[in-house]
Amino acid sequence: MTLFAVNQKQPVSIDFDPWEAYNDIEQHGALTLSNIEFTTTNLCNMRCSHCAVGYTLQTKDPESLPMDLIYRRLDEVPNLTTMSITGGEPMFSKKSIKNIVKPLLKYAYDRGIYVQMNSNLTLPLDRYLDIAEYIDVMHISHNWGTIQEFTDVGFGAMKKQPPLKAKLKLYQQMLENAATLSHQGMFISAETMLNQSTTPYLSKIHNEIVHDMKCSRHEIHPMYPVDFASKLNVLSLNEMKDAIRYLLEIRDPETWMLFGTLPFYPCIDDASDQELLQQLRNAKNVTMRNDPDGRNRLNVNVFTGDVIVTDFGDDNGTLSNIQKDKLTQVFDHWLASASAQSLNCHCPLFKCLGPNILVKDTYYPQTDFKYNERLMHHKYNM
Ligand code: SF4
């Protein structure tokens, strides 16, 4: 029996991924703002070395902007279909849960909007049960090949280290929470980054996600470097292809595996790339997702009102602020920018929306994707 309320929305499934940016192309004929991500707290009980906000985490949140302003800005987004709530750990600060997270969840619920929460799932179970009925996808990161990786990297950006016993308890809590919440009907999606640290342990990580944590989906995303330190950890394209082939071999074929932001495209003239793409297309319970950042998503910081195009490295700086502009205006402005224009290619036959800035900078600095787009359209008569 499920503890959670059943609402009217079509459930998330392998055939229905509301976060796929291509949905907007099919529904509205163009890239459309349909996904807003909110940074709702700067606080977290962990400090992962790889966390996008790990080094900016504070000990006390500032006052947030008035919720009325946030609601107004959301009301002005006519095609809003998904919302993501991120932090820090969104369920850590009771003040933030009460004043920001719950009001946002309620807003989304009333408008029939799909909600993803990005959590580390290490807090007491009650916190997550309390909001379970409002969550469509509980998204967690699982990059822990060994317990030591968790105890070292999971707290890597913390100055004063907690005792080992306390860290181990959090790991256990995460496993138990995931299994219990999954059992009770929550859709938990665990994401693993492909990098030098995770690739030796992919089998162990996958088995833990599927068998111990009972997650509904295992997400695989290559790690892209946001600073010099992370560059060392990035895989070459060949290493990445090997890792993906390995995953396809060892995975549980009954569990949905979602590959996001892959650096392989139909227009790249490389036989092994194209072979791998075909293998992924044919594999049972496997999907590939276009990157939402800048395609259908903007991130809003509820404290400053700043709007950015990505939450994993502030490549483009702040685009605007919700105290000044409507989100749809910010999005249109972004799409018209030279950065977006140089990247936003589209090949309908392959439902491909091209690379984001990090992918292009990392693997294709010399490639002109707009040129490739013209070639592809000509070749396939698109
Ligand atoms: S959309 Fe862009 S990246 Fe994708 S196949 Fe076409 S040109 Fe290549």
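The values are calculated or read from the model by the stated rules, or taken from the named source; none is laboratory data. If you're wondering where the values come from, they're calculated on a predicted model, not measured in any experiment. Every residue, glycine among them, receives a Cβ derived from its backbone with ideal geometry; neighbour counts consider all protein chains shown.
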Exercise. In the range 355-373, which residues are assigned to a helix (DSSP H, G or I), over 20 Å from Leu235 (Cβ atoms) and more than 8 Å from the ligand (Cβ to nearest atom)?
Worked result: Tyr371
For this session: Report the residue count in the range 115-150 for those that are of a type outside the set (Ser, Thr, Tyr), surrounded by fewer than 18 Cβ atoms within 10 Å (Cβ to Cβ) and farther than 19 Å from Leu104 by Cβ.
Result: 6
Exercise. So Glu149 clears everything in (1) part of a helix (DSSP H, G or I); (2) at pLDDT 95 or above; (3) within 20 Å of Asn207 (Cα to Cα) except one condition, right? Which one?
Worked result: (2)
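Per-residue answers, yes or no, for (1) within 11 Å of the ligand (Cβ to nearest atom); (2) over 26 Å from Val234 (Cβ atoms); (3) at pLDDT 95 or above; (4) aromatic (Phe, Trp, Tyr):
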{"position": "Ile322", "(1), (2), (3), (4)": "no, yes, yes, no"}
{"position": "Thr328", "(1), (2), (3), (4)": "no, yes, yes, no"}
{"position": "Leu349", "(1), (2), (3), (4)": "yes, yes, yes, no"}
{"position": "Leu353", "(1), (2), (3), (4)": "yes, no, yes, no"}
For this session: Answer yes or no: is there a residue in the range 374-382 that is at pLDDT below 95, surrounded by 15 or more Cβ atoms within 10 Å (Cβ to Cβ) and more than 11 Å from the ligand (Cβ to nearest atom).
Result: no
For this session: Scan the range 287-299 and give yes if some residue there is within 16 Å of the ligand (Cβ to nearest atom), free of Cβ contacts under 8 Å to residues at least 40 places away in the same chain and either crowded, with 20+ Cβ neighbours inside 10 Å or closer than 29 Å to Asn79 by Cβ (or both), otherwise no.
Result: yes
Exercise. If Cys347 satisfies every condition in (1) free of Cβ contacts under 8 Å to residues at least 60 places away in the same chain; (2) touching a helix residue (DSSP H, G or I) at 6+ places or on another chain (Cβ under 6 Å); (3) not basic (Lys, Arg) but one, which is the exception?
Worked result: (1)
Exercise. Somewhere in the range 259-278, is a residue away from the ligand (no atom under 16 Å from the Cβ), under 22 Å from the mean Cα position of the chain (by Cα) and at pLDDT 95 or above?
Worked result: no
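Every residue, every condition in (1) farther than 30 Å from Thr151 by Cβ; (2) modelled with pLDDT under 95; (3) surrounded by fewer than 14 Cβ atoms within 10 Å (Cβ to Cβ), yes or no:
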position	(1), (2), (3)
Asn42	no, yes, no
Pro62	yes, yes, yes
Thr81	yes, no, no
Val101	no, no, no
Arg111	yes, no, yes
Problem set entry | Selection count where residues are of a type outside the set (Ser, Thr, Tyr) and either within 16 Å of the ligand (Cβ to nearest atom) or over 14 Å from Thr192 (Cβ atoms) (or both), scope the range 221-247 | 15
